[in-house]
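Some notes on the structure that comes next.
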């Protein structure tokens, strides 16, 4: 019986070839093939190693978290290609970035905030350290600022993304199921004057 991993061996090779052809010819078809062939081994790895584990993290089964991880990987690989499309369809990039930020907020809320709630914040129960929340927040804000400066995303999408990334820091102050989403709504409610002033 052949190993299942051998069936997916050509995918990374095709993915690398298409990525190199994209850099040489700037053809979005090559980038689309790259995304498809790159996500196949990622999906196989997650499903093969984690899908069947009967583990609960943050009050949800690991299988549910795997779905979000795969969705985040698909968006993360697709968004750079969407940014190369004409400016008329720039909203696809913006929706992709906002969707990715929402998934990141949801995942971190589950594995950081919910784990502390269910395990009474014992140090031994730390699954997702706080410095990773800070790192993803800082990286997200830097990328949003750079994309906004390069006119890859509009000011409205930039404002929503900044509110989403900053809302994750609320997990350090309150242990609640809905603190991230409440902080997001609060930031969206109080910051429009700053956006209009700019």
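Only residues that are surrounded by fewer than 18 Cβ atoms within 10 Å (Cβ to Cβ) and either within 11 Å of residue 99 (Cβ to Cβ) or assigned by TED's automatic domain parsing to the domain that holds residue 22 (or both): list them for segment 75-86, please. Passing the criteria: only 76.
Exactly one residue out of 134, 179, 144 is exposed (fewer than 14 other Cβ atoms within 10 Å of the Cβ) and at pLDDT 85 or above: that is 134. On the basis of being outside the structural domain of residue 127 (by TED's automatic domain parsing), more than 25 Å from residue 150 (Cα to Cα) and at pLDDT 85 or above, does residue 38 make the cut? Taking the combined requirement at face value, the residue satisfies it. Out of the residues in segment 163-180 meeting the condition of being in a helix (DSSP H, G or I) and either touching a residue at least 40 places away in the same chain (Cβ under 8 Å) or over 19 Å from the mean Cα position of the chain (by Cα) (or both), tell me which one is farthest from residue 135 (Cα to Cα). Among residues in segment 163-180 that are in a helix (DSSP H, G or I) and either touching a residue at least 40 places away in the same chain (Cβ under 8 Å) or over 19 Å from the mean Cα position of the chain (by Cα) (or both), the one farthest from residue 135 (Cα to Cα) is 179.
Tallying residues that are modelled with pLDDT under 85 and loosely packed, with under 13 Cβ neighbours inside 10 Å within segment 151-172 yields 1.
Checking residue 70 against (1) modelled with pLDDT of 90 or more; (2) surrounded by 20 or more Cβ atoms within 10 Å (Cβ to Cβ); (3) farther than 22 Å from residue 156 by Cβ, which single condition isn't satisfied? Only one criterion is unmet by residue 70, namely (2). So which residues in segment 114-131 are loosely packed, with under 11 Cβ neighbours inside 10 Å, at pLDDT 60 or above and assigned to a helix (DSSP H, G or I)? Answer for segment 114-131, where residues must be loosely packed, with under 11 Cβ neighbours inside 10 Å, at pLDDT 60 or above and assigned to a helix (DSSP H, G or I): just 131. Among the residues of segment 52-68, is there at least one that is touching a residue at least 40 places away in the same chain (Cβ under 8 Å), under 13 Å from the mean Cα position of the chain (by Cα) and within 27 Å of residue 138 (Cβ to Cβ)? Yes, that holds for at least one residue.
The values are calculated or read from the model by the stated rules, or taken from the named source; none is laboratory data. Remember, it's a predicted structure, so these values are computed and weren't measured experimentally. Cβ: placed from backbone, ideal geometry, glycine included. Neighbour counts: every protein chain shown.
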